[in-house]
Amino acid sequence: MAVFQVEKTKDFTVMCNHHLRNVKLSLKAKGLLSLMLFLPEDWDYNLAFGITSSIGL
């Protein structure tokens, strides 16, 4: 399988793969956790109403 290297100057996120490899988490939980890790630390979100933002999530 080929690996393509691209210059990452914007619109990318670096995170640990630990939660993605956890077989006890559902795909939905992995996606939500990845989204929460992607957001800034001071992001205000409410799980009762979902995560909303002005960036189109």
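Among residues belonging to segment 26-45 that are charged (D, E, K, R) and surrounded by fewer than 11 Cβ atoms within 10 Å (Cβ to Cβ), point out the one that is modelled with the lowest pLDDT.
Asp44
List every residue pair whose Cβ atoms sit under 9 Å apart, with the two residues 6 or more apart in sequence or on different chains, where the first one lies in segment 1-26 and is outside any loop (DSSP other than H, G, I, E, B) and the second, anywhere, is of a type in the set (A, V, I, L, M).
His19/Leu25; His19/Ala29; His19/Leu33; His19/Leu37; Leu20/Leu33
Inside segment 1-25, can you point out the residues that are surrounded by 10 or more Cβ atoms within 10 Å (Cβ to Cβ) and of a type outside the set (A, V, I, L, M, F, W, C)?
Hits for segment 1-25 are Thr13, His19, Asn22.
For segment 19-40, name all the residues that are of a type outside the set (A, V, I, L, M, F, W, C) and within 13 Å of the chain's Cα centre (by Cα).
Selection gives His19, Lys28, Lys30, Gly31, Ser34, Pro40.
Do we have Ala48 as assigned to a loop (DSSP other than H, G, I, E, B), modelled with pLDDT of 75 or more and of a type in the set (A, V, I, L, M, F, W, C) here?
Taking the combined requirement at face value, the residue does not satisfy it.
The values are calculated or read from the model by the stated rules, or taken from the named source; none is laboratory data. This one's a predicted model, so the numbers in the text were calculated from it and none came from an experiment. Here the Cβ is made from the backbone with ideal geometry for all residues, glycine too, and neighbour counts use every protein chain on show.
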